[in-house]
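Student: Questions regarding the structure given below will be posed in turn.
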Amino acid sequence: MPFKQQALLRQKLFVLGSLAIGSLLYLVARVGSLDRLQPICPIESRVAPHLPEQFPLRTLQYKRGILHELRKGNATKEQIRLHSLVQQLPRAIIIGVRKGGTRALLEMLNLHPAVVKASQEIHFFDNDQNYARGIDWYREKMPFSFPHQITIEKSPAYFITEEVPERIFKMNSSIKLLIIVREPTTRAVSDYTQVLEGKERKNKTYHKFEKLAIDANTCEVNTKYKAVRTSIYTKHLERWLKYFPVEQFHIVDGDRLITDPLPELQLVERFLNLPSRISQYNLYFNATRGFYCLRFNIVFNKCLAGSKGRIHPEVDPAVLAKLRRFFHPFNQKFYQITGRTFNWP
């Protein structure tokens, strides 16, 4: 083949190849933007400003990028002013229960474009020193958000601390309260496991669970042991009900959130009067970790820290059976108060 014809052929192939690559890149970009073309419905709330009827997800994702820059400390005061960013007091709080799945619940709710989470546990209402700093100090600990969004924080110590219900009531008597619970005996062992791991990291010894959970003198369940006491859910809830009606609480099944999270999250969306936006696309099972991870979009995924899903130590089956018998009447009362029944023994 003459040299000129070869050059012409190579030029044509180069043009065709460029067109093919350009088409492929367009298709990838198009697929990645499909979910961003759906509108956001208005949030029904007494407090928040009304959302526009058409609020494109592309706009919300752009705004989430601004919020991300704020969290990194990269946004300017001009950007804050320009986008009407504010630090809002929470309109919902995950008040407990410790080792019930509070972190997982908060991270999963943060998938919703109308939710902004406080990254750290603030411990405002259960810590006297923090509470004395005042409500403005608390507000400054909240993330920046857009006026239509709701801020959620979680501090599981709130549920079991006596002063907290009254303090939260004084801040906002109509606030929505989320409580995530697990089977009480399993939760108590999980609580013990976390403390045990902390002791082992410091090369300290710690009693076996059986010795802490059972009173050696009476051979009965030791209700002075905090891990046991925390699992008596109805005792703590009754204190909260002195200030808030039961309708302001939503009980989340922490065991189900591990195995089948979407139905639980959809119930929370309805409780918070949020449009349904979290879908199965946002949740995928990670076989290596053994639980669900989060998919925010086509490029950003997130799994919870490796400390989640710790392996529990072996516990004497007789002790577990004794604990389950002990918790049973408290569980029945908890079902009656909340209107939600669980398959706990």
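The values are calculated or read from the model by the stated rules, or taken from the named source; none is laboratory data. All of these numbers come straight from a predicted model, not from anything done at the bench. All Cβ positions, even for glycine, are placed from backbone atoms using ideal geometry, and neighbour counts span all protein chains on display. Just the protein is used for accessible areas: all its heavy atoms, side chains included, with ligands, DNA and RNA removed. Shrake-Rupley method; radii C 1.70, N 1.55, O 1.52, S 1.80 Å.
Student: Distances over 19 Å make up what percent of all Cα-Cα pairs in the range 72-199?
Tutor: Cα-Cα pairs in the range 72-199 separated by more than 19 Å: 54 percent.
Student: Another question, then. A 30 angstrom limit on the alpha carbon distance is what I want to check against. Which of Lys176/Lys333; Lys170/Lys211; Lys99/Lys242; Lys176/Lys204; Lys176/Lys199 exceed it?
Tutor: Lys170/Lys211; Lys176/Lys204; Lys176/Lys199
Student: Subtract the Cα-Cα distance of Asn172 and Gln280 from 0.36 nm times their separation in residues, and report this length gain in nm to one decimal.
Tutor: 35.5 nm
Student: Ranked from the most accessible area to the least, with a 1.4 Å probe and all protein chains present, what is the order of Glu247, Glu183?
Tutor: Glu247, Glu183
Student: Roughly how many Å² of Ser279 are accessible to a 1.4 Å probe, to the nearest 10?
Tutor: Only protein atoms counted, so the area is about 50 Å².
Student: Report the relative contact order of the range 200-316, percent, no decimals, based on alpha-carbon pairs under 8 angstrom and at least 6 residues apart.
Tutor: 14 percent
Student: Under 8 Å for C-alpha pairs, at least 6 residues apart: give me the relative contact order for the range 259-316, rounded to a whole percent.
Tutor: 21 percent
Student: Let me ask something else. Efficiency by 1/(1 + (r/R0)^6): what FRET value for Tyr243 and Asn343, r their Cβ-Cβ distance, R0 = 35 Å, to the nearest 0.05?
Tutor: 0.70
Student: Rounded to a whole number, what is D in µm²/s for the range 244-345 from Stokes-Einstein with the Kirkwood radius over alpha-carbon pairs (4 °C, 1.567 mPa s)?
Tutor: Calculated translational D: 78 µm²/s.
Student: Turning to a different aspect of this structure: Roughly how large, in nm² to one decimal, is the mean projection of the convex hull of the alpha-carbon atoms in the range 135-229?
Tutor: With every direction weighted equally, the projected area is 9.4 nm².
Student: On the full set of protein chains, 1.4 Å probe, figure out the accessible area of Cys219 and give it in Å² to the nearest 10.
Tutor: Spelled out: Cys219, probe radius 1.4 Å, area about 80 Å².
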